[in-house]
Amino acid sequence: MRSPMQRRRFLGAMGLASTAGALQWPSSPLNPDSASRAHADEAPQQTEPRGVVLSAVSAVASMDPALSVDTETARVCRQVFETLVGIDGQTGATAPLLATDWEASRDGLTYTFTLREDVRFHDGSELTAEVVVANFQRWGRMNELLGAEAPARTTLAFESLFGGFFDDEDCLLESIEASSEFTVELTLSEPLVFLPQALAMPAFGIASAEVLSDSDPGLLAREPRGTGAYRLVSVSADEVVLEAFKDYWDGEPPTERAVVRTLPRSFDRLRELQRGEIDVYDYITADNLRSLVQAGRLILQRDPFSVLYLGFNLDHPVMGDPEVREAAARAINLTTLVESYFLEGSRPAYQFTPAALGVHSDESARYGYSVEEAQELLAETGYDGEPLRFYYPMNATRSYFPRPEAVFASVARDLTAIGFNIVPRPVSWDDGYVDSLLDDDQRAMHLLGRNGGYRSPHSFFGPLFSHQTPEFNYDSPEVRELIRSGRSENDEQSRNDIYREIADLVAEDLPALPLVHPISGVALGRGVADYPMSPVLHELFKDIIPAD
């Protein structure tokens with residue numbers, strides 16, 4: 001039976017009483033010439049098993065796991081590629097996966113991983129320590145391999161975890177070696193206390209050495225070969241088709257085929273579930289909950305482990321003024337926002353880290369809702385009604401963002417009420433929402449969020465604030481140094497105090513305003529008896545239980 005911390009069921013009365021990964025970076029579309037892309041005339045044959053059909057809210061950006069920085073890409077990559085470390089579905093703790101065991105040296109500078117033997121990749125090659133080393137070496141050079149194609153908004157998982165790539169003096173990973181055929185040693189320059197948890201992220205999925213090519217860095221994305229329970233059959237903007245890997249080391253999964261269908265609009269996901277065309281409707285929205293409860297659907301929820309925020313461009317001539325940002329923070333009625341557009345159990349966010357991490361600071365600035373104070377602050381800044389471009393996504397649902405258009409309308413209404421001149425800039429998510437806002441140097445504000453990839457505050461603070469990024473143009477040497485200190489602090493209490501200090505500084509500087517820690521939910525069709533829920537989205541299709 002699953003731990004109540006990992007999963008709860010919505011009760012009908014509770015659901016009807018209310019009105020719910022990673023930073024997202026959409027890479028360029030998959031190569032249309034790729035052999036793995038599905039073409040319109042390649043419809044599945046009638047003899048093929050239907051399997052389980054799941055809904056997705058956006059297309060897969062890349063089948064290279066190192067680039068899985070959005071939740072839908074990570075969802076599919078988890079099925080095809082496996083990591084050294086897994087996550088226990090009952091407790092959320094780390095668990096063996098491709099590594100059966102690992103240990104850290106007394107000084108915390110050396111980690112030794114013992115690999116599982118007799119594991120095969122989808123191309124038939126064998127998992128060995130040398131293959132793992134080759135993967136780490138590739139990740140450590142992704143900046144060099146990607147060049148100008150590297151994501152602008154966020155740091156990749158390797159850079160965020162280790163503090164830089166191999167050519168950066170701040171990189172903590174000094175060496176990675178195969179000490180025997182099935183033993184890997186990582187040597188660090190400083191302790192990294194959450195290393196095993198972080199290595200469970202799908203970005204650290206191990207690929208076959210046959211598709212790791214310096215001369216052709218895109219080969220892995222075109223020919224994704226992992227050790228996962230499913231292998232890729234086809235991928236397109238509309239759907240991803242996976243089939244069970246018959247030589248999977250842990251036995252074939254109960255479902256022979258899994259299809260992930262792209263349905264950005266919540267109404268479409270609801271309709272297809274009710275028609276029996278999909279079996280798993282993810283990211284339920286509050287306006288659809290009543291219909292699902294009345295239809296008797298089994299509804300599961302994830303505990304809050306994401307944050308929706310209002311980002312500010314600190315290089316903007318108006319938003320660079322901290323009092324303007326504080327006026328915006330005091331103008332937004334978070335309680336009304338949460339109660340109107342998020343599933344019950346969601347909470348207003350006054351800090352970036354969810355309550356489950358236990359590092360909330362009582363000292364952090366908390367900007368209470370006050371129209372009068374917000375108006376006075378804004379008047380004192382001398383703001384004279386200059387138009388402010390405010391970006392928000394359309395046709396997008398995320399764990400942290402169930403109804404983006406409605407959320408924008410609510411936030412913009414509050415800001416306008418105190419005197420801001422808001423100029424809406426809606427962009428469809430799949431048309432390059434993030435790239436569009438980053439390309440506009442004159443933008444003032446935007447809505448975005450992050451889902452935690454592992455159970456450490458670094459999963460939130462590291463990617464957002466450990467480096468200056470063009471998302472906020474925020475650069476705090478003090479915050480950066482504290483993030484560095486927190487990742488190496490062995491004493492839990494001292495480490496938590498460091499993260500509280502980070503929370504205090506970020507709240508004071510206000511490069512972004514956290515809005516909501518949302519609940520997200522899944523509704524099951526009659527073809528599925530159970531689905532493996534996880535706050536960090538470690539949800540493996542091999543653990544789906546089909547209905548009898």
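Before moving on, here are some points about what is shown:
- Checking every residue in the stretch 380-394 against the condition of being assigned to a helix (DSSP H, G or I) and surrounded by fewer than 24 Cβ atoms within 10 Å (Cβ to Cβ) gives at least one match.
- When residues of the stretch 436-450 are limited to those that are open to solvent by 10 Å² or more (accessible area, probe 1.4 Å) and not acidic (Asp, Glu), the one nearest to Ala512 (Cα to Cα): Arg450
- For the stretch 69-94, filtering for residues that are open to solvent by 20 Å² or more (accessible area, probe 1.4 Å) and of a type in the set (A, V, I, L, M, F, W, C) leaves 2.
- Some residue of the stretch 247-258 being in contact with a strand residue (DSSP E or B) (Cβ under 9 Å, 6 or more places away or on another chain) and within 30 Å of Tyr392 (Cα to Cα): no
- Of the residues making up the stretch 200-225, those that are more than 22 Å from Phe162 (Cβ to Cβ) and in a loop (DSSP other than H, G, I, E, B) are Ser208, Ser213, Ser215, Asp216, Gly218, Glu223, Pro224, Arg225.
- Some residue of the stretch 229-241 being more than 16 Å from Ala59 (Cβ to Cβ), in a loop (DSSP other than H, G, I, E, B) and modelled with pLDDT under 95: no
- Every pair of residues 6+ apart whose Cβ atoms lie under 8 Å, when the first sits in the stretch 373-392 and is under 30 Å from Trp429 (Cβ atoms) while the second is open to solvent by 30 Å² or more (accessible area, probe 1.4 Å) and among the hydroxyl-bearing types (Ser, Thr, Tyr): Tyr391/Ser436
- Restricting attention to the stretch 502-548, the residues that are assigned to a helix (DSSP H, G or I) and in contact with a Leu (Cβ under 6 Å, 6 or more places away or on another chain) add up to 1.
- Filter result for Pro424 (part of a strand (DSSP E or B) and either open to solvent by 20 Å² or more (accessible area, probe 1.4 Å) or at pLDDT below 95 (or both)): yes
Yes or no, residue by residue, for (1) at pLDDT 95 or above; (2) touching a His at 6+ places or on another chain (Cβ under 6 Å); (3) open to solvent by 10 Å² or more (accessible area, probe 1.4 Å); (4) of a type in the set (A, V, I, L, M):
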site: His467; (1), (2), (3), (4): no, no, yes, no
site: Pro470; (1), (2), (3), (4): no, no, yes, no
site: Ser488; (1), (2), (3), (4): no, no, yes, no
site: Pro535; (1), (2), (3), (4): no, no, no, no
site: His538; (1), (2), (3), (4): no, no, yes, no
site: Phe541; (1), (2), (3), (4): yes, no, no, no
site: Asp548; (1), (2), (3), (4): no, no, yes, no
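- Selection of helices (runs of 4 or more DSSP H) fully inside the stretch 117-188 by the criterion of at least 2 residues being at pLDDT 95 or above and over 25 Å from the mean Cα position of the chain (by Cα) returns 129-139.
- Matching entry among Leu98, Leu115, Leu109 (being in contact with a Lys or Arg (Cβ under 8 Å, 6 or more places away or on another chain) and closer than 23 Å to Phe162 by Cβ): Leu98
The values are calculated or read from the model by the stated rules, or taken from the named source; none is laboratory data. This one's a predicted model, so the numbers in the text were calculated from it and none came from an experiment. Using ideal geometry, Cβ is built from the backbone for each residue, glycine included, and neighbour counts are taken over all protein chains shown. Heads up: the accessible areas ignore ligands, DNA and RNA and are worked out on the full protein's heavy atoms, side chains in. Shrake-Rupley method; radii C 1.70, N 1.55, O 1.52, S 1.80 Å.
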